[in-house]
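Taking it in order: structure first as structure tokens, then the write-up.
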Amino acid sequence: MTPVGQTDTIRVTGRQWGFFILVAGLAMLPLIEALTDGNGFINNSTLFSMTQMLMLVTLASNWNFISGLTGYVDFGHTAFFGLGAYSTGILMTKSGWPFYPTLAVGALVAALAAVLIGRVTMHLKGPYFSIAMLGTFAALREIVRVVRPLTGGGPGFSLPPYLNRPLFYYLALAQAVLVVALYRWLKGTEFGSMMLGIREDESGAEMRGINTTLIKITAFTLAAASTGLVGGMWAYQNTFIDPDIVFLDSRTIEMALAAVIGGLGTIAGPVLGAGLLYWMRDLVWASFLQWHLFIEGVILIAVMLVMPKGIMGLFGNRSGLTVRGVRAAWRKR
Amino acid sequence: MKGQDSGPDIGDREALLEGRGLAKWFGGLAALNQVDVEVYRGELVGIVGPNGSGKTTLFNCLTGMESVSAGRVFFKGIDVTHRKPHQVAHMGLSRTFQSIRVYRKLSVLENMLLSRQWGGERLADWLRSSDRGTAERARDILEFLTLDGQWGEPAGSLSWGQQRLLEIGMVLMSDPELVLLDEATSGVSPGLVEVITERILTLNHLEGKTILLIEHNIDVVEDLCDRVVVLDYGEKLAEGTVDSVFSNPAVIEAYFGRHDAEF
């Protein structure tokens, strides 16, 4: 009854060529900028804004991995960003470490925290988990404020300045590409299928042989580690950190916004959403500076009302199971 | 325990599933009280009893979904009392639910594929991508259950009876040794009841699946079961062949003596 089937190979379709062209275009951008700006990159705000956008692509993808694909809506995801930012900040400033190893430590600290926090909060379901994570985030910000000898407390501290915008741009681009590719691949594996089962009916999934606790905490940890890494990068680029700018209330909202506008539970959604959000922001800020929060809010409500599945909803249902070989199994009849 | 009939001769065989002295208290209320139940390989056993007699609670305790207050559960001779549901499922025990539990928003096929026999807990198993063999197996089972025409539809849009069939299909995907069916025919149209009972018989007789089922429909119980266990107020009232159980005065009283009782 179970013939051993072959896995269909992935075909390179138009959509994937689009992905490569997009990545190639983004990789060339600093060169184009260099041609148009005689002073090099340093005063170029477009490159800076693009770097932020790419970081948001990664953050929104991480947020979507746990909230959209696994179904645990995380309102406190910025906690892991903060752990990464402070790991890099403290190690570089107080211990004199070079930048790159601190990124690894930041990711590790965020991952460890996710395992510990997840083991407690992921027993909660739905809004209870979301609120528990919001509480965790707020608590962590206050802890950072209080542990002054280590974190510099409320006033924060400065990192060694390093104004190399193309470097941060390429780092953010590399991470975004790797993370999106990783999540895209994972979605098609057994791991991805099990995440979907947890999202759709956790106790049913458990009954059907899925170790739900292990899978959801692994997903949470992976997303947190990646977010910790962005935090470290952001801290070095920003050259200054304090509890309020690192543990910014609106940072999680921004991740959620990008994921929801693009399409929750899809891989391309957070990418499109982050891009759209930044493009919109440039447009709105340029013309209606005082109104930008209001206008963004209106657009969000409109998206939720008119197309709750986001932009990706226009291309059919893409938040379901990715299985290769299904069509072939049916066509063989 | 009142009025216990001896069941069919089962000799000294080891039970595939055994609950010994099972009890479950919710606060001061005993949903299960000192229940012993055994299912032997190849058997088709029914659990009957009025509403609220503890049938589903018994299923939950046997599958690890609820922790027992007292007693032990053995599956294949191994003590699984404190194992998690996914561990018991891995050992070859699979169940359906009284209040149908399909992944409503996902397609019929997705439901089937998410009910496969999962690999172990090694990283390499997790990172395997779904293969065509699994999809073909899903197709074969859906054909057996007359659901192959609806493979692309959301499970929530199927009729009640078709959802019950789909749940049976999901159970079969993992190729279990023991199948627990919780009211597989309740709320199902007569035509589909026939399909469902016929498929259950086929599974037991031809595929050799051991089946334990909860059933309200006495006709279905008579058609299917080798042996019946009667529960009432969380206690085992009687056990034995269908004929011996339904001629037992205590059982007749439990069913017919109370007008609120429902079949």
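The values are calculated or read from the model by the stated rules, or taken from the named source; none is laboratory data. Note that the structure is predicted; figures quoted are calculated from it, not measured. Cβ sites come from the backbone with ideal geometry, for glycine too, and all protein chains shown count toward neighbours.
What to note about this one:
- Pairs where the first residue, in the stretch A:121-138, is closer than 19 Å to residue A:198 by Cα and the second is of a type in the set (Lys, Arg), C-beta under 7 Å, 6+ apart: A:122/A:216
- The set of residues in the stretch B:151-172 being under 19 Å from residue B:194 (Cβ atoms) and either away from chain A (no Cβ under 11 Å) or surrounded by fewer than 22 Cβ atoms within 10 Å (Cβ to Cβ) (or both) consists of B:158, B:159, B:160, B:161, B:162, B:163, B:164, B:165, B:166, B:168, B:169.
- Any hit, the stretch B:85-96, residues being assigned to a helix (DSSP H, G or I), touching a strand residue (DSSP E or B) at 6+ places or on another chain (Cβ under 6 Å) and either at pLDDT 90 or above or aliphatic (A, V, I, L, M) (or both): no
- When residues of the stretch B:140-162 are limited to those that are free of Cβ contacts under 8 Å to residues at least 24 places away in the same chain and of a type outside the set (Asp, Glu), the one nearest to residue B:103 (Cα to Cα): B:157
- Counted residues, the stretch A:194-212 - those being at the interface with chain B (Cβ under 8 Å from one of its Cβ atoms) and out of contact with any strand residue (DSSP E or B) (no Cβ under 9 Å at 6 or more places or on another chain): 12
- Sole exception among (1) at pLDDT 85 or above; (2) within 23 Å of residue B:211 (Cα to Cα) for residue B:263, by number: (1)
- Residues in the stretch B:66-78 that are among the β-branched types (Val, Ile, Thr), closer than 19 Å to residue B:13 by Cβ and surrounded by 15 or more Cβ atoms within 10 Å (Cβ to Cβ): 1 in all.
- Restricting attention to the stretch A:70-92, the residues that are in a helix (DSSP H, G or I) and surrounded by fewer than 24 Cβ atoms within 10 Å (Cβ to Cβ) add up to 3.
- Test: residue in the stretch A:77-94 that is closer than 29 Å to residue A:257 by Cα and modelled with pLDDT under 90: no
- Residue tally, condition of a type in the set (D, E, K, R) and over 20 Å from residue A:249 (Cα atoms), over the stretch A:114-161: 3
- Condition broken by residue B:104, with the remaining ones in (1) outside any loop (DSSP other than H, G, I, E, B); (2) over 20 Å from residue B:231 (Cβ atoms) satisfied: (1)
- Scope the stretch B:167-199; condition in contact with a helix residue (DSSP H, G or I) (Cβ under 6 Å, 6 or more places away or on another chain), in contact (Cβ under 8 Å) with a residue 40 or more places away in the chain and within 21 Å of residue B:242 (Cβ to Cβ); matching residues: B:179, B:180, B:182, B:184
- Hey, residue A:307 among the hydrophobic types (A, V, I, L, M, F, W, C), within 26 Å of residue A:45 (Cβ to Cβ) and modelled with pLDDT of 80 or more or not: no
- Extreme residue, farthest from residue A:188 (Cα to Cα), among residues of the stretch B:119-130 that are surrounded by fewer than 22 Cβ atoms within 10 Å (Cβ to Cβ) and facing chain A (nearest Cβ under 7 Å): B:121
- So residue A:200, is it acidic (Asp, Glu), in contact (Cβ under 8 Å) with a residue 40 or more places away in the chain and within 30 Å of residue B:101 (Cβ to Cβ): yes
- Screening A:118, A:135, A:153 for residues that are under 26 Å from residue A:82 (Cβ atoms), more than 14 Å from chain B (Cβ to nearest Cβ) and not in a helix (DSSP H, G or I) leaves exactly one candidate, A:153.
- Filtered residue count, the stretch B:45-59, keeping only those that are assigned to a helix (DSSP H, G or I) and not aliphatic (A, V, I, L, M): 4
- Total residues in the stretch B:79-115, condition more than 8 Å from chain A (Cβ to nearest Cβ), buried (at least 19 other Cβ atoms within 10 Å of the Cβ) and among the basic types (Lys, Arg): 0
- Hey, residue B:119 in contact with a Phe, Trp or Tyr (Cβ under 9 Å, 6 or more places away or on another chain) and farther than 24 Å from residue B:20 by Cβ or not: yes
- Conditions (1) outside any helix (DSSP H, G or I); (2) over 28 Å from residue A:150 (Cβ atoms): number failed by residue A:128: (1)
- Out of A:217, A:241, one residue alone is more than 8 Å from chain B (Cβ to nearest Cβ) and surrounded by fewer than 24 Cβ atoms within 10 Å (Cβ to Cβ). It is A:217.
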